[in-house]
1. Could you tell me how many of the residues in the stretch 48-81 are under 18 Å from Gln3 (Cβ atoms), free of Cβ contacts under 8 Å to residues at least 24 places away in the same chain and out of contact with any Cys (no Cβ under 9 Å at 6 or more places or on another chain)?
2. Report yes if some residue within the stretch 49-68 is part of a helix (DSSP H, G or I), surrounded by 12 or more Cβ atoms within 10 Å (Cβ to Cβ) and not charged (D, E, K, R); otherwise report no.
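Derivation of every value follows stated rules applied to the coordinates shown; laboratory data play no part. If you're wondering where the values come from, they're calculated on a predicted model, not measured in any experiment. No Cβ is skipped: glycine too gets one built from the backbone with ideal geometry, and neighbour counts run over all protein chains shown.
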Amino acid sequence: MTQYALYYYDQCPFCQMVLRILPLVKAEVEKRNTLTNPENRQALIKGGGRATVPCLLITHENGEEEWLYESRDIVQFLKQL
């Protein structure tokens with residue numbers, strides 16, 4: 001099963017745009033705050049290559065990871081789930 005994790009922090013307006021649609025998404029999306037948990041920030045930098053939020057980590061069934069940046073792209077992707 002594909003898994004989803006959103007890297008974000010509360011004060012980011014672009015993150016808020018994504019967070020607002022999460023209740024409408026049919027899939028479960030784990031939230032990983034990068035300000036309250038420095039380990040989340042380090043994982044984002046290590047995996048995605050930068051600390052920019054929001055970022056949606058998509059872990060496919062085969063274990064392959066896809067890092068999706070840009071709030072509008074994330075919203076559009078999540079609406080299709």
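1. Number of matching residues: 7.
2. no
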